[in-house]
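Please treat every number below as a calculation from the coordinates, not as lab data. Fair warning: this is a prediction, and the values are worked out from it, not measured in the lab. Here Cβ is always computed from backbone atoms with ideal geometry, including for glycine, and neighbour counts include all displayed protein chains.
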Amino acid sequence: MPMQAVLAGCGAMAHGWIEAIKQAPELAETVEIVGLVDLDSAVAEALAAKHGLTRARIATDLTALLAELKPDVLLDVVVPAARAHVVEAGLEHGCHVLSEKPMAPSMVEARRLLASAERCGKIHAIVQNRRYNEGVRRIRATLESGALGTLNAIHCDFFVGAHFGGFREQMDHVLLLDMAIHTLDAARFMSGKQPMAVYCQETNPKSSWYAHGSAANAIFEFSDDVTFTYRGSWSAEGANTSWDSEWRIVGSRGTLLWDGDDVISAKIVSGNEGFFRPVEDIVPAPADPALTHGHASVLFDFFRAIETGTQPETAGLDNIKSLAMVFAAIESARTRQRIEIEL
């Protein structure tokens, strides 16, 4: 029998979750969506109609529906401000919970959610879907292979002129809190290092259509003297980067470049003479194809963890480290000081 799931929050993001389930036969056999919850029942009804969820119950009261249906899983796609209440409701009603990011609107609430998951004996994980793409996985594998030597630095650029409308355009710290966590999580995963401290400048250009914080520049200190720099903007028109940023990975033997899409290359030093040492191309390491399907890979990992009693890769216990990077960057921007990251 498939696991039964209730999905809370039926706006635009929910469509991507459901499509990921529908398009992967194994997922479709693993989970059945039995309930849809949204403050606007018409939004939930539209979601059900579009995706053929004719058997799903529609509700506006999450707690009542959880008590009635007693599902195995809660899929949390609500706006960030409502996340903590929704996650705790799911855990208290015996559900494993998979949440959209960010994990919580504060570190205090994030730690409370971890404690709730532990108390209830349930899995709580976050959809860091961009960790599950081929480029990120190939960079991690290449670094682990030692082909670039010792890791020295990671640099990335994210410049996208995104006109969402809706809640994002009214958020404080919109880039750092809603988008940068993808990039910060990817850098932490690629490097395998611990974030130690950050200095960040946050701005909102006069031409920005966001209320606050649409651009940021940050320097992170990672363990083992690795530097990670982030330059980003959600209000930069004219030359969009990939949604996954553009990357330069610098090692002691060479450098890897990734455009965030399909182009990835690496060169290493091949001699020990000359003003510029000679270099040669190498092929970055391959990725496990089972781990390169974005949302679907996150969902696979989550449901496999439930079945095996293990923790998924993006469990809250791990993801809180990426969230700590976000809030430390916000605090640094606020105080104009270097902030140590508490994990």
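Please state the shape class of the chain: rounded when a/c is under 1.5, otherwise prolate if a/b exceeds b/c and oblate if not, all from the C-alpha gyration tensor. Note, shape of the chain comes out prolate. Here the label points at Arg112 and Ala239, each 7 Å from Cα along the C-beta direction, are separated by 4.5 nm in the simple model.
Quick check on segment 247-340: take the gyration tensor over C-alpha atoms, sort the square-rooted eigenvalues as a ≥ b ≥ c, and tell me if it's rounded (a/c under 1.5), prolate or oblate.
The shape class here is oblate.
With Rg and the Kirkwood Rh both taken from Cα atoms, where does Rg over Rh land for segment 3-122? Reported Rg/Rh (Cα atoms, Kirkwood Rh): 0.95.
Put a dot 7 Å past the Cα of Arg334, heading toward its Cβ, do the same for Arg248, and the two dots end up 3.3 nm apart.
Order of 280-289, 108-117, 317-326 by packing, highest average Cβ count within 10 Å first?
Working: 280-289: 13.9, 108-117: 16.8, 317-326: 21.6.
Ranking, from highest mean packing down: 317-326, 108-117, 280-289.
On C-alpha positions alone, give me the angle between the axis of helix 316-335 and the longest principal axis of the chain, in degrees, nearest 10. Taking the Cα atoms of the chain, the angle to 316-335 is about 70 degrees.
Which of Ser270, Ser242 comes first, and how do the rest follow, when ranked by fewest Cβ neighbours within 10 Å? Please report the intermediate quantities before stating the final value.
Working: Ser270 13, Ser242 19.
In increasing order of surrounding Cβ atoms, one gets Ser270, Ser242.
Taken over the chain, lysine pairs spaced eight or more positions apart, or on distinct chains, with alpha carbons under 30 Å apart number 16.
Just to be sure I understand: of the beta bridges DSSP finds with both ends in segment 1-104, what percent are antiparallel, rounded to 5?
Details: 0 of 17 bridges.
Restricted to segment 1-104, the bridges split so that about 0 percent are antiparallel.
Relative to the longest principal axis of the Cα atoms of the chain, the long axis of helix 41-51 makes an angle of roughly 70 degrees.
Per-residue ellipticity at 222 nm, computed for the chain from helices alone with -39500 (n - 2.57) per DSSP H run of at least four residues, works out to -10500 deg cm²/dmol. Once the Cβ-Cβ distance of Thr60 and Ile219 is raised to the sixth power relative to R0 = 45 Å, the FRET efficiency obtained is 0.50.
So for the chain: antiparallel DSSP bridges make up what percent, rounded to the nearest 5? List each step's numbers first, then the result.
Numbers: 39 of 66 bridges.
So the antiparallel bridges in the chain amount to around 60 percent.
Which of rounded, prolate or oblate describes segment 193-312 when judged by the alpha-carbon gyration tensor and an a/c cut-off of 1.5?
Oblate.
Measuring r between the beta carbons of Arg277 and Ala82 and using R0 = 35 Å, the FRET efficiency lands at 0.05. Restricting segment 249-315 to chymotrypsin sites (Phe, Trp or Tyr not before Pro) that sit in a DSSP loop and have at most 16 other Cβ atoms within 10 Å of their own Cβ leaves Phe275, Phe276.
Label sites at Glu68 and Glu29, each approximated as a point 7 angstrom past Cα along Cα to Cβ, lie 3.2 nm apart.
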